Amino acid sequence: MTDQMTPIDRAKYAAAYCAADFVKDGMRVGLGTGSTASWLVRRLGARVKHEGLRIIAVPTSTRTAQLAREVGINVVTLDEARWLDLTIDGADEFDAELTLIKGGGGALLHEKIVATASDQMIVITDPAKEVNALGAFPLPVEVIPFGWQASKALIEEILASMDVLDRRTSLRMNGDAPYMTDEGNYILDLALGRIGNARQLSLVLNQVPGVVENGLFVDIADQVIIGHPDGAVELRDLSDGSAQVSHRRVELAEDSNIFDDI
């Protein structure tokens, strides 16, 4: 089946396959949202079915929850799980400090809550998501619908004093209507080009009335797993404060169980 996948899908699959090995029996696991995270959910479903893996999972979106149930994973709420051993999620961008931009899939609020309620966060990604400076990918900011235009105006005013390259903001749309998150909120996408100080920008954005959360993940991710189309996998670990790099390889043609329950 993997020979029918695009190179980018093969890279995402390799990262997700490797990350699934970090999930141990009895763990409480946060499941991210997005195309790379969906490969992880499928792989974990295969482990549940074929290895008898027992885990409790907290999905970060309704679509992740639906997929997890379809592949046989035990799904609970974060309130039921209380605290998580591990969260595995994708990213839209990441830099050398493992600072992330997330929210391209619209689940940034749930993703940040779940990630920060975990002992560890592993990011699974492909090489194209690595950047020298964050900001090429538009930064999502979740706002409540009431007064969203006022919130947008305040954000645009604040951006004038921030270390960013551009300052274009737009309301994310779903056809002719505003895109709505699982919490019923809107998303503003900030096309900034380059973000000079992610920590400062994150703190300032969250002070704007009407802003619920932003897509900058600062000091949250511990490890990134980068998959490549040939099955090579690079692991970068910052959990001990210094960058540790190791390499593995996923045999892409050997495992078809990932597709059994799809």
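Worth pointing out:
- Approximate shape of region 1-84 as ellipsoid semi-axes (Cα gyration tensor, √5λ), whole Å, largest first: 22, 14, 11
- In this simple spin-label approximation, Val76 and Asn197 carry label points 7 Å from Cα along the Cα→Cβ vector, and these lie 4.2 nm apart.
- Net charge in the neighbourhood of Asn74 (other residues with Cβ under 12 Å of its Cβ; Lys, Arg +1, Asp, Glu -1) is +2.
- Taking Cβ atoms as reference points and 12 Å as the exclusive limit, the residues near Pro140 contribute a net charge of -3, counting Lys and Arg as +1 and Asp and Glu as -1.
- Computed from the Cβ-Cβ distance with R0 of 22 Å, the FRET efficiency linking Ile144 to Ala117 stands at 0.50.
- For Thr99, the shell of other residues with beta-carbons less than 15 Å away shows a net charge of -4, using +1 for Lys and Arg and -1 for Asp and Glu.
- Relative packing of 227-233, 32-38, which averages over residues the other C-beta atoms within 10 Å, highest first: 32-38, 227-233
- Segment Val218-Ala160, extension gain: residue separation times 0.36 nm, minus the distance between their alpha carbons: 18.7 nm
- Candidate lysines for bridging to Lys129, where Cα separation is under 29 Å - those fewer than 8 sequence places away on the same chain excluded: Lys12, Lys24, Lys102, Lys112, Lys152
- Per-residue HN-Hα couplings for region 43-52 [Karplus 6.51, -1.76, 1.60; θ = phi - 60°; Hz; x = Gly/Pro]: 5, 5, x, 5, 5, 4, 6, 9, 10, x
- For the chain, the solvent-accessible area with a 1.4 angstrom probe is 45 square angstrom per residue.
- By accessible area, using a 1.4 Å probe on protein heavy atoms only, the chain has 48% of its surface on carbon and sulfur.
- When both region 26-95 and region 182-236 are represented by their alpha-carbon centers, they are found 20 Å apart.
- Calculated from backbone phi, Karplus (6.51, -1.76, 1.60) coupling profile of region 213-229 in Hz, x at Gly/Pro: 6, 10, x, 8, 10, 10, 6, 10, 6, 9, 8, 10, 10, 9, x, 10, x
- Only one item in (i) 28, 21, 17; (ii) 55, 19, 15; (iii) 31, 20, 17 matches semi-axes √(5λ) of the Cα gyration tensor in Å derived from the coordinates shown, and that item is (iii).
The values are calculated or read from the model by the stated rules, or taken from the named source; none is laboratory data. Quantities reported herein were computed from a predicted structural model and do not represent experimental measurements. Quick reminder, even Gly has a Cβ in these numbers, built from the backbone with ideal geometry, and neighbours come from all protein chains shown. Just so you know, the surface numbers come from the protein's heavy atoms only, side chains and all, with ligands and any DNA or RNA stripped out. Shrake-Rupley method; radii C 1.70, N 1.55, O 1.52, S 1.80 Å.
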